[in-house]
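Take a look at the structure below.
The values are calculated or read from the model by the stated rules, or taken from the named source; none is laboratory data. All values reported here derive from a predicted model rather than from experimental measurement. So basically every Cβ, Gly included, is an ideal-geometry build from the backbone, and we count neighbours across all protein chains shown.
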Amino acid sequence: MREPFEKIVEQHGATVLRVCRALLGTHDADDAWSETFLSAMRAWPQLAGTANVEAWLVTIARRKAIDVLRAAGRQPLPVAELPESPSPLGVPEAGDTDLWEEVGRLPGKQRQAVTFRYLAGMPYDEIAAVLGGSVEAARRAAADGLKNLRKNYPGAKTRGAST
């Protein structure tokens with residue numbers, strides 16, 4: 001007969017908390033400790049009777065600590081002051097309004113393909129997935145869009161073209 005899970009928490013709780021504190025510090029250790037025992041409780045019925053319970057719990061605690069550290073790496077860092085002006089990234093320059101208007105006049109698939117490829121830097125296979133077609137169709141739409149821009153936008157220059 002297996003011990004009740006509550007006894008396991010009593011026996012190994014302090015060890016798991018020490019592991020969590022050593023890996024995370026006191027601030028995040030309590031949460032990792034709780035997550036460790038929640039995961040362990042779910043898996044408890046399937047654990048082999050001959051398993052080393054303490055080692056099993058320490059392994060779970062280590063993995064939960066890794067999860068906390070990874071999540072912390074994705075959180076924004078607080079700063080003392082926010083920048084005064086928004087980033088100009090993706091905002092048309094004052095002299096580019098004609099170009100942006102011309103891009104806006106392209107047919108839908110061409111406009112999207114040009115935008116995704118040349119403004120967002122997406123590869124053609126991702127563009128095809130977004131537009132719902134083949135890679136070749138995405139490549140063709142982007143090429144046709146550029147051709148239309150070169151034909152209709154007076155400031156466009158064709159690379160390698162002789163004058």
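General remarks:
Table: residues versus (1) modelled with pLDDT of 85 or more; (2) at positive phi; (3) exposed (fewer than 14 other Cβ atoms within 10 Å of the Cβ).
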| site | (1), (2), (3) |
| --- | --- |
| CYS20 | yes, no, no |
| ASP28 | yes, no, no |
| LEU38 | yes, no, yes |
| THR97 | no, no, yes |
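- Within the range 25-75, considering residues that are in a loop (DSSP other than H, G, I, E, B) and not charged (D, E, K, R), the one farthest from GLU3 (Cα to Cα): GLN75
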